[in-house]
Structures are given as C-alpha cells and as structure tokens.
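Colleague: Here you go, one structure.
The values are calculated or read from the model by the stated rules, or taken from the named source; none is laboratory data. None of these values were measured; they are calculated from a predicted model. Cβ atoms come from the backbone with ideal geometry, glycine included; neighbour counts cover every protein chain shown. Ligands, DNA and RNA are excluded from the accessible area calculation, which covers all protein heavy atoms including side chains. Shrake-Rupley method; radii C 1.70, N 1.55, O 1.52, S 1.80 Å.
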Amino acid sequence: MDRLKSLYAKLTTRQKNTYKRYLDLFHRGKHEDKQQKYLRMIELNPEITSAEASKKLYGDSKSKAFLMLRGRLYERLIEFLASSLNTGLTKYDKEMPYSHDLILYRKHMLIAQVLFGMGASELGVAHLRNARNLANNCCATELETDVLLRLRGNFRTNDDSYQEINEALHRAQRASLTDVEAIGIYHGYLHEYMNLSGIASEKLAYLQKHLPALHKMLEENHSIRGEYYFHLLSIQKALLTNDFEAGQRSALASIALLDKHTGLRTWQRRSEPYVQQGNLCLRFGHFTEAIGYLEKARKFTQPESMSLFSITTALLYALIYNGEYKKARKEMKTLEELKAFPQFQKRLSIIGMHTYLDACIAFREGRASDAWRKLQPITQLYADKRGWGIGLRIFEVMALVEMKQYEWAESRVESMRKHVSKHEVSKRDLAIYHLLRHASIHFFEEEPLEEAIIRLKVLEEIEWIPLGHEVIRVDEWYRNRISHRT
C-alpha cells in the first residue's frame, strides 16, 4: 500500500487545503509545483498507480525523481500533522488534548536535547520543565520518568534540588509500574475474551486473579491511568457477577476521573465508560437505556475507527433486543459501509457475526427463509467451538423449523450432537441442545406437551446472557411455538 496516498486520504478537506498552503512555503520556482500536481492527481483518481503518475509528471514510469518527490511529500505531511499549522488538532486541544499534548511533549524533549548540545543548558531545562508539565497533564508516568531522568542529569542548572528531583523520579517509576500492570491486565482481558463469546467462568477467574493485586498496587503506588483501567475491569467483573450497582459505580467513577483529568482524555477513553454503561444496561435488560448510552458513546468515536465498529455492533444488539428492527436495519447499513474499509475486511469472524445479526433481524421480522439464506456463507463462526459455533447451529435449526424443513433441521441437530460430544459448551447451550434433540425426535410438531414444558422450564431456569451468540432467546421462541397447544 502507498503510505502517502493512504495517509493523505484520511485528511479532512480543511487539512488538505492547509497542507497544500504549507507546501507552498517550500516552492520557489516559477513553474507549477509537481508536488501540488501529484496531490491533485490522487484526489481526482485515488487508484492511480505510481507508474502512471510518474509517467505523467516526468515522462518516465520509473523516474527516480518521482520517488524522491513522493518521499518528500510524505515527510512534509508528517511534519505538518505534528505542527501547530494542523487545523485538525483544534478539536483535540479543546476536548481531547491527550494526542496533541504528547506531540508537544516530544517537541520540547527534542528541543531540549538540541539546546543542551549547544551548551544552552538553562534554556534546555526550561523546555524539560514544559515537557514534565505535559507528561503530568497526560497522566503519562513513563514520560514523566524520562524527563525527570534528564532533569536529574542536569540538576546543576535546575532550581530544584537533586533530592527533590530524585524523589519525584522514584515516585513516577513506581506509578509507571502500576500503569504497565493495569494496562497489561486490561488488554490481556480484551485479547483473550472480548472478540468471542467465551465462557463466563473463565472470564471471571481471570478478573478474580488479577483485580485484587492491581487494587493493592494502586493503594501502594497510585496512578491515575491505572485507576481508570481498574474501573473498566471492575465493570467487567460486575457484568459477570450480576452486580448492576457496582458496575454503575465503576462506570461513573471512570467518567468522573476523565472529567477531573482532562489531559487523560482520548476518544477511546472518553467513549469507553459509556460503552460499558450500555453493556451493563444490556446485561440487566434495560434495553432503552442501553441504546441511549451507546449513542452517547458513539459521539466520542472517530470515522472508520474500530471503536465506531464495536459500538455500532453493541447498539445493533440493543435495537434487536428492544424490537426496533427498522433502526436495526439502518445500523446494519452503517456496518456494511464500515466493512468496506481495508482494516475491517481481514476480520472475518466479526464480519460473520454481523451477518448473523442481520439474519436475526430477518428472523424476528418473520422472514425465516431470508435468515437461513444469510447464515449459509458465514462458516467462519464455526471456529469458535464454545460460542458462536454452537450458536450458529442452534439458529440454523430454528430457521429450518420455521420454514417447516424438518428433515434438514433434524440433520442440524445431529451436527449439534457431534459438536457437544467433542467440545465444552455452556450449561444453557447444552439445555438448548437437549430441548431441540427431543423436539426433533417428534418431528418438531408432535412432542408430548408435558415433556416439552418440562424441558422448556429447565432451559428457563438457566440465565440468558445478552451480547452473546443466543441473540434470539430460544426459550421465548419455543414457548411461542407450543403456546397454541396449551
């Protein structure tokens, strides 16, 4: 992929115009600037190849001058994005200063290094102090550690005493270790359990193993970033332990932390507490409230981001649960547009999950044959042996039964039998399998009513958990099917 074209395409129209004016500062010739000409080419035809552009600009499809031009354009684009000329940073400055402050921090550190090399130590120390303030504002303890190391090395030109700098350095180092641990636990949890439905007991065991130790670290060496991630992990524990109030407290605490420490804010951190509040409401059946929180979370996402992708997926769940199928179809269109971008096309399991949700909408609207048709291409979900794999088989049976294709449905139940005999599945999924197996023995229409009700009650006693593969509750579907017989 052409890195210049890829990066240039992400600029807003305002940024592109300012970048072109920035390039004019470097053009001194009387003739048209080839840099500007090339940018117009890729705006008019994003698919133009390097060979085609080189031929048009230099008359040679393999011109070395073109390669140099493209390299200069990329370097100056990076310079522009890191400079105060970049008008796109305005929104970050006011609402999400974290990214811009990090850029300024690195500038001050670089300038300080240049000044020390020139022997202007007092000026260098001044820039180091500015860098330290920015690191503190970002709650970035590892950056504060770096700048304090340099200040300690130049303490003779610093008004602060060596002892004060040394004590601050060690505090920052200890807090940095807390940060590393908190962020590591959080991302470890996401890596292991968030992409697939997983087993609740394994998720809870992970959190019960790590959260107490992290809490102790925060008590001994507090860090603001560490506290933020501790709250997010605590929300996950609350979801798994059915403690709605504890989850709400943790979500509100994380929001309050971001309100107090504005420098900590990034788009992801700003949206995440609202996402988690939405998940809490989903978990406890407050679907209307969940939709509100998720819509608020989406306001803090950027276009084409994975966050937007994930939040829209959760919102789609909430709308399906709440029976708002027209709005759900609208969100499906949003996801389809996002899936056209290269960064999402490789995530086959997620794309398969969205097709599954689209099939659920069709099923809920009474279009079982459409649901069945949508399910057929998404075989990649079978790879999740304990979650979506069994969920796909269950849903196929439901669709076939509604289509009155009982022999096909029976064959899918047999597929389920082989699956549960080889792989561990949840208690609820196992109960669903037994219900469907006995129904299939009686061709899904003739099972004795008393037996059907007994197995249905067994299933109903096992908790249904939202945001998993059982999007359409099997107990509600089956009770509706046998209701005419009661």
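Colleague: Does any residue of region 142-161 turn out to be at pLDDT 90 or above, surrounded by 14 or more Cβ atoms within 10 Å (Cβ to Cβ) and touching a Ser or Thr at 6+ places or on another chain (Cβ under 7 Å)?
Modeller: There is at least one residue in region 142-161 that is at pLDDT 90 or above, surrounded by 14 or more Cβ atoms within 10 Å (Cβ to Cβ) and touching a Ser or Thr at 6+ places or on another chain (Cβ under 7 Å).
Colleague: Using the structure shown, decide if L240 is under 16 Å from H210 (Cα atoms) and modelled with pLDDT of 90 or more. Break it down into steps so the answer makes sense when it comes.
Modeller: Working: under 16 Å from H210 (Cα atoms): yes; modelled with pLDDT of 90 or more: no.
The answer is no for L240.
Colleague: Tell me the helices (runs of 4 or more DSSP H) entirely within region 1-64 that contain at least 1 residues that are open to solvent by less than 80 Å² (accessible area, probe 1.4 Å), modelled with pLDDT under 90 and of a type in the set (V, I, T).
Modeller: It comes to 13-24.
Colleague: A follow-up question, please. Within region 167-220, work out how many residues are aliphatic (A, V, I, L, M) and open to solvent by 30 Å² or more (accessible area, probe 1.4 Å). Show your work before the answer.
Modeller: To start, the set of residues in region 167-220 that are aliphatic (A, V, I, L, M) comprises 168-169, 172, 175, 177, 180, 182-183, 185, 190, 194, 196, 199-200, 204-205, 207, 211, 213-214, 217-218.
Pick out the ones that are also open to solvent by 30 Å² or more (accessible area, probe 1.4 Å) and you get 177, 180, 183, 190, 194, 196, 200, 204-205, 213, 217.
Adding up the residues that qualify gives 11.
Colleague: Mind telling me which of the residues A131, A135, A126 ends up being in a helix (DSSP H, G or I), touching a His at 6+ places or on another chain (Cβ under 6 Å), of a type outside the set (K, R) and farther than 18 Å from L81 by Cβ?
Modeller: A131
Colleague: Assess whether A213 counts as being closer than 30 Å to I390 by Cβ and touching a helix residue (DSSP H, G or I) at 6+ places or on another chain (Cβ under 9 Å).
Modeller: Against the criterion (closer than 30 Å to I390 by Cβ and touching a helix residue (DSSP H, G or I) at 6+ places or on another chain (Cβ under 9 Å)), A213 does not qualify.
Colleague: So, G263, is that one open to solvent by less than 20 Å² (accessible area, probe 1.4 Å), touching a residue at least 60 places away in the same chain (Cβ under 8 Å) and closer than 28 Å to R174 by Cα or not?
Modeller: Taking the combined requirement at face value, the residue satisfies it.
Colleague: Answer with yes or no whether G366 is surrounded by fewer than 19 Cβ atoms within 10 Å (Cβ to Cβ) and either in contact with a Lys or Arg (Cβ under 8 Å, 6 or more places away or on another chain) or part of a helix (DSSP H, G or I) (or both). Let's see the steps before the verdict.
Modeller: Numbers: surrounded by fewer than 19 Cβ atoms within 10 Å (Cβ to Cβ): yes; either in contact with a Lys or Arg (Cβ under 8 Å, 6 or more places away or on another chain) or part of a helix (DSSP H, G or I) (or both): no.
For G366, the condition - surrounded by fewer than 19 Cβ atoms within 10 Å (Cβ to Cβ) and either in contact with a Lys or Arg (Cβ under 8 Å, 6 or more places away or on another chain) or part of a helix (DSSP H, G or I) (or both) - is not met.
Colleague: Looking only at helices (runs of 4 or more DSSP H) that fall completely inside region 403-486, which ones have 1 or more residues that are under 26 Å from N322 (Cβ atoms) and open to solvent by 20 Å² or more (accessible area, probe 1.4 Å)?
Modeller: 449-460, 474-482
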